[in-house]
Amino acid sequence: MKKILIIGATSSIAESVARLYAKQGDEIYLLARNQGRLDKIVNDLRVRGAADVHSAVFDVCDFDAHVSILDDVFDRLGEVDVVLLAHGTLPDQSLCENSAESALSEIKVNALSSVSLLTHLANKMEYVGKGTIAVITSVAGDRGRKSNYVYGAAKAMLSAFLEGMRHRLFSKGVVVLDIRPGFVDTPMTKDFAKGVLWAKPEKVAEGIVRAISTKKSVVYLPFFWAGIMGVVRNLPRFIFLRTSL
Amino acid sequence: MRLSGWGRYPYIDSHAEYPLCDGDVQKLVELAGEQSLIGRGLGRSYGDSALAHTTLHSLYLDHFRFFDKKIGLLRCSSGTTLASILELIIPEGWFLSVTPGTKFVTVGGAVASDVHGKNHHLDGCFSEFVESIKLATPNGVVECSRNQNASLFYATCGGMGLTGLILEVEIRLKRVPSSFIDATTIKTKNLEETVEILEENHSSTYSVAWIDCLTTGSGLGRSLVMLGEHTKEGGLVVGKKAKLSVPFDMPDFFLNGLTMQAFNSAYYHRMTKVRSHAIVHYEPYFYPLDGILNWNRLYGAGGFLQYQFVIPKEAGIEGLSAILSRLSASKKGSFLAVLKMFGTENCNHLSFPLGGYTLALDLKLSREVLSLLDELDEIVVAYGGRVYLAKDARMSKEVFRKSYPRWEKFSELRRQWGAHKHFNSTQSQRLGL
Ligand SMILES: Cc1cc2nc3c(=O)[nH]c(=O)nc-3n(C[C@H](O)[C@H](O)[C@H](O)COP(=O)(O)OP(=O)(O)OC[C@H]3O[C@@H](n4cnc5c(N)ncnc54)[C@H](O)[C@@H]3O)c2cc1C
Ligand SMILES: NC(=O)c1ccc[n+]([C@@H]2O[C@H](COP(=O)([O-])OP(=O)(O)OC[C@H]3O[C@@H](n4cnc5c(N)ncnc54)[C@H](OP(=O)(O)O)[C@@H]3O)[C@@H](O)[C@H]2O)c1
């Protein structure tokens, strides 16, 4: 039985991941900001076979609560095998272009909150000397694009942060996983028209659980996004600037 | 977004909402104002029953509430699919008490259409095993069952989403010794023999007949009658996920009269013996088409209609022959034609089944087919039968009112709960509900 902590646990992708661990009979601790939805998920995971499920209401932007909430989690679970950070928001890009305040607030939810959480988590996991820290970033972090560079910048910051943390924890037995999904059909993207590139959260969740169990460092989900982003990253700038990406 | 039912006719522009919790539903109802709302599950109903100005998708309302493994009682949110319920309950030795011919439907959809399975003749509809429902009506969220808000319960089961959005459902499951079925297939020569074999095997848990409805004359109604019993053999194995998919619309000529005739004959002649036995997994037995995702695309971009009617037992062979002959003559044929025996009618206001025989067939959409079905409606109504709302995209208000005599009671109840102002589908508007 593994012990799993999920932050942003009401995320559709995170919930699909939790269901897979529940089915394996693992013990799960959920943090999210909506009590009602959290309660439903706790119940559901118990029915699906989780050994035990705990939860607490938590807003990732409440920085003052970070230390105490993580202390509670580790007190309860003891050694944690997997931590998954899944919270995130999709900014209104044009709003951010006209309001530095909005841009900063998006950076706060999508990057700074995780920087704080990961700093505490890294120390706790380093102490234990095993386990995996997995963070959902995005393919959007691979290159800033006019359609959503505030989001992209936050995710890129996280990816660089994770790269360094991985380097630091490598010799300490802690694996750091950077998960970069492409388009996923979730509440976050409900207003987008869906096409062939879109994946279901259940599918992405399978990829996440697989990447965690095989101790991967960086994973694109579904796999073909590695190729797509390879092309996007390597587009010569004079061409890139003329695209509508 | 452009939205249709499984038959891909009609399409309408609809605004899709995905409530994340019960509270969201209440807010959406308040926000909707005069615009019509309707619940939507997996869109496996064929016609326009899950279409409206705004569709409330139950996709994210998919949580198990509890599962009592000792007594086989399960409660879950309405968007939970039968597929995921099976995955949970099979390993514990339980099965769905009633299941339609696809596992890709939601519990909410199964209640709203009060679906039936191959065991209707003995066990009745899905609602027979529903203990309780949590429903969001415009007048508030209420729990309803046979003991509590009973009239709302009888209206909601089979009520096509027109009493409000179903939030949670509690169902009783069926104990099974394994996940396999002892299946017997009997080849019959004509309609009389088909009906006779179905009646002779009334005590068989599951029964259904696949009719070759393109054969005329003395072979009219020749069939493969399929019977089934749960068996002890094989253990408790959950099915595999569907692999095959039809990604594109098939060209129109794919399902013309000739190819269909070839299909139906091949199916029939594949059976060399009159009677054969096999132990089969529940997946191919109950869900033969689920292995091919999006098979509705086989009918091309133009869409298709499924016509399912029931006629009372008294009308029997005479009524079925009249309709089958009319169909054969039209050469408009069918990819699937399924004949089943129904047990007695329940007391829900709009549930479809009544004691007798039901036939379901697919027809590629065309103007001639639409007028053919109007003609068939007349015959069905004349024999005292009715047409299934979960499959319907075209029935007239007059035919509906004649064949669903409790519609007035249903309308009255809708008014009582404030549902008539908010919950309306393209279908309910057409039917004058
Ligand atoms: C291959 C195939 C085989 C089938 N076999 C059978 C069969 O053997 N027997 C049978 O009876 N039917 C059968 N059906 C029909 C199917 O079972 C019904 O149409 C069922 O209602 C579809 O469920 P859904 O979740 O897809 O609902 P949808 O098609 O999305 O909706 C159907 C109706 O339910 C309502 N509804 C859905 N969710 C809710 C909710 N949460 N609250 C309130 N109302 C709601 C909608 O408003 C609509 O009126 C079959 C369909 C297919 C495609
Ligand atoms: N969907 C995609 O296409 C896609 C693509 C690439 C990467 N991602 C990333 O995948 C992750 C999961 O997203 P998703 O697709 O599953 O969408 P989602 O279902 O909308 O999940 C996002 C989650 O973040 C939570 N959240 C937002 N702000 C928070 C805060 N201040 N405190 C606590 N929780 C907060 C939300 O909680 P509430 O429900 O309470 O608001 C929600 O549960 C995100 O990091 C997202 O950036 C998604």
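All of the numbers you see were taken from the coordinates with simple rules; none came from a lab. Predicted, not measured: the structure shown is a model, and the values here were computed from it. Positions of Cβ are backbone-derived with ideal geometry, glycine not excepted, and every protein chain shown enters the neighbour counts.
Once the dipole of chain A is set up with Lys and Arg at +1 and Asp and Glu at -1 on Cβ about the Cα centre, which of A:L235, A:I107, A:F183 lies farthest towards its positive end? In chain A, that residue is A:L235. A simple charge model with +1 on the Cβ of Lys and Arg, -1 on the Cβ of Asp and Glu and nothing else charged puts the dipole of chain B at about 460 debye relative to its Cα centre.
When the Cα atoms of the stretch A:3-240 are aligned to their principal axes, the ranges along those axes come out at 53, 38, 36 Å in descending order.
Each of B:S218 and A:V196 was given a label point 7 Å from its Cα along the Cα-to-Cβ line. The distance between the two points is 5.4 nm. Here A:K146 is the anchor, and the aspartates and glutamates within straight C-alpha reach of less than 13 Å, apart from those fewer than 8 places off in the same chain, are A:D92, A:E97. Each of A:V53, A:A22, A:G78 was placed along the dipole of the stretch A:3-240 (beta-carbon charges, centred on the mean Cα), and the one lying farthest toward the positive end is A:A22. Please give the helix A:224-234 orientation as an angle from the longest Cα principal axis of chain A, in degrees from 0 to 90, rounded to the nearest 10. Between helix and principal axis, roughly 40 degrees.
In summary, the lysines within cross-link reach of B:K70, defined as a Cα separation below 22 angstrom excluding same-chain residues under 8 places away, comprise A:K23, B:K174, B:K232. Dipole magnitude for the protein assembly as shown: about 1520 debye, using +1 per Lys or Arg Cβ and -1 per Asp or Glu Cβ, origin at the Cα centre.
Largest GNM mean-square fluctuation among B:R40, B:R75, B:R326, using chain B with Cα springs under 10 Å: B:R326.
Separation of the alpha carbons by more than 25 angstrom is noted, of A:K190/B:K27; B:K118/B:K391; A:K155/A:K216; A:K2/A:K155, for A:K2/A:K155. Most mobile of B:K27, B:K313, B:K187 per a Gaussian network model of chain B (Cα springs, under 10 Å)? For chain B, modelled as a Gaussian network with Cα springs under 10 Å, the answer is B:K27. When the Cα positions of B:F129, A:N148, B:G384 are compared along the charge dipole of the protein assembly as shown, A:N148 comes out farthest toward the positive end, with charges on each C-beta of Lys, Arg, Asp and Glu. The charge dipole of the stretch B:94-179, taken about the Cα centre with unit charges on the Cβ atoms of Lys, Arg (+1) and Asp, Glu (-1), comes to about 240 debye, rounded to the nearest 20.
Pairwise Cα separations in chain B fall into 20 Å bins from 0 onward with the following percentages, short to long: 27, 61, 13, 0.
In straight-distance terms, cross-link reach from B:K409 covers every one of the lysines whose alpha-carbon lies under 19 Å from its own, apart from those fewer than eight places away in the same chain; here that gives B:K397, B:K421. Helix A:149-169 axis versus longest C-alpha principal axis of chain A: approximately 50°, rounded to the nearest ten. Taking label points 7 Å from Cα along the Cα-to-Cβ direction, A:E97 and B:A329 give a separation of 6.7 nm.
Find, among the GluC sites (Glu not before Pro) in the stretch B:11-110, those assigned to loop by DSSP (not H, G, I, E, B) with at most 11 other beta-carbon atoms within 10 angstrom.
Of the GluC sites (Glu not before Pro), the ones in loops of the stretch B:11-110 whose Cβ has at most 11 other Cβ atoms within 10 Å are B:E34.
Among the trypsin sites (Lys or Arg not before Pro) in the stretch B:194-243, those located in a DSSP loop and surrounded by at most 15 other Cβ atoms within 10 Å of their own Cβ are B:K232, B:K240, B:K241, B:K243. When the pairs B:K313/B:K364; A:K203/B:K364; A:K200/B:K103 are compared against a 27 Å limit on Cα-Cα distance, B:K313/B:K364; A:K203/B:K364 fall above it.
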